[in-house]
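Each remark here refers to the structure printed beneath this line.
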Amino acid sequence: MIPNPRQSLLIDEVCARGAVSVEALAEQFGVTLQTVRRDVKLLSAAGMLARFHGGVRMPSSTIENIAYRQRQQLNEQGKLRIAKHIASTVPNNCSLILNIGTTMEAVARELLRHTGLRVVTNNLNVAAILSDNPDCEVIVAGGVVRSRDRGIIGEVTVEFIRQFKVDIGLIGISAIESDGTLRDFDYREVNVAKAVIEHSREVWLAADHTKFNRTAMVELAHLHQVDRLFTDAEPPTPFHELIAAADVELTVVSA
């Protein structure tokens, strides 16, 4: 399922509030209770929301991510704002690593007019996008291609990344928990991301607001291992305190 614009806004509202009643959503969007119930039923069946009596919340699975095509549509405008700002911050003539994720692919599109870039990636979608930039050298990691999103993972990928030391390691994430832990779902993907962090002079994290207070099974890192965090809305409590304590530079690219 690919959410329509109203359904995408509904998901964003649930992400921001944690749990919302059906009545509150109907009032928020100016539609009938039947319309909200129908949207909630479809989104729940697709695994994008979880229903409870009288309301809806974000799914709490720690073992399985939302499907790739659905993630492409989820908070698409927020990810685009983040990507545009990151691209405006990336200087020409520098080296980067971009890892797996729909936000990374949005960043790649915004880098098409940059010059003198050398980009290492374990994301075939990123490689395909940036190959259209004649002033960008793209270096693709070896390893196992994950068919659902064209991410490249595995020990071969980790060893490949360890050959480099880049100016900026730009990573995405599935979940930022309330203790500042960064988490994801696939331990093989996490091992690659750990190598990216270790072999980057600066680590930039791109995480839209839906990633805060989300859960996932595998620990990747902690906020204190990140230099800059880019998001599209003010983080909820207690993340401002955590980010400040970790000495992370926070950039909120609001609408």
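Set the Cα radius of gyration of the chain against 2.2 N^0.38 Å, with N its number of residues, and you get 1.01. Label positions at LYS84 and SER44, each projected 7 Å from the Cα along the C-beta direction, are separated by 3.6 nm. Once C-alpha pairs closer than 8 Å and six or more residues apart are averaged by separation and normalised to the residue number of region 99-177, the relative contact order reads 30 percent. In the full protein context, the chain carries 45 Å² of accessible surface per residue, based on a 1.4 Å probe and ignoring ligands, DNA and RNA.
Less than 16 Å from a label point 7 Å out along the Cα-to-Cβ axis of ASN93: which backbone N atoms in region 134-165 qualify, by residue? Inside the label zone: 135-137.
In summary, the lysines within cross-link reach of LYS165, defined as a Cα separation below 18 angstrom excluding same-chain residues under 8 places away, comprise LYS194. Close amide H pairs (under 5 Å, H built 1.01 Å from N) link LEU220 with LEU182, ARG183, ASP184, residues at least 5 positions away or on another chain. Counting Lys and Arg as +1 and Asp and Glu as -1 over every other residue whose Cβ lies under 14 Å from the Cβ of ASN122, the net charge comes to -2. For the chain, the share of accessible area belonging to carbon and sulfur comes to 50 percent (1.4 Å probe, ligands and nucleic acids excluded). What the Cβ-Cβ distance of THR237 and HIS53 gives, at R0 = 22 Å and to the nearest 0.05, is a FRET efficiency of 0.25. Normalised by the empirical 2.2 N^0.38 Å for globular proteins, what value does the Cα Rg of region 140-187 take? In units of the 2.2 N^0.38 Å rule of thumb, it is 1.34. The modelled label-to-label distance between ARG109 and GLU202, using points 7 Å beyond Cα along the C-beta direction, is 2.5 nm. Build a GNM of the chain with springs between Cα atoms under 10 Å: which of THR103, THR121, THR32 gets the top mean-square fluctuation? With Cα springs under 10 Å in the chain, the top fluctuation among THR103, THR121, THR32 is at THR32. Each Cα pair under 8 Å and six or more residues apart adds its separation to the average, and for region 138-223 the resulting relative contact order is 34 percent. Inter-label distance, VAL31 to SER131: 3.9 nm, where each label sits 7 Å from its Cα along the C-beta direction. Computed over region 80-204, the quotient of the alpha carbon radius of gyration and 2.2 N^0.38 Å is 0.98.
Neighbours of VAL203, meaning other residues whose beta-carbon lies under 13 angstrom from its beta-carbon, give a summed charge of -2 when Lys and Arg score +1 and Asp and Glu score -1.
The values are calculated or read from the model by the stated rules, or taken from the named source; none is laboratory data. Since this is a predicted model, take the numbers as computed values, not measurements. Here the Cβ is made from the backbone with ideal geometry for all residues, glycine too, and neighbour counts use every protein chain on show. Areas reflect the complete protein model, heavy atoms only, side chains present, ligands, DNA and RNA absent. Shrake-Rupley method; radii C 1.70, N 1.55, O 1.52, S 1.80 Å.
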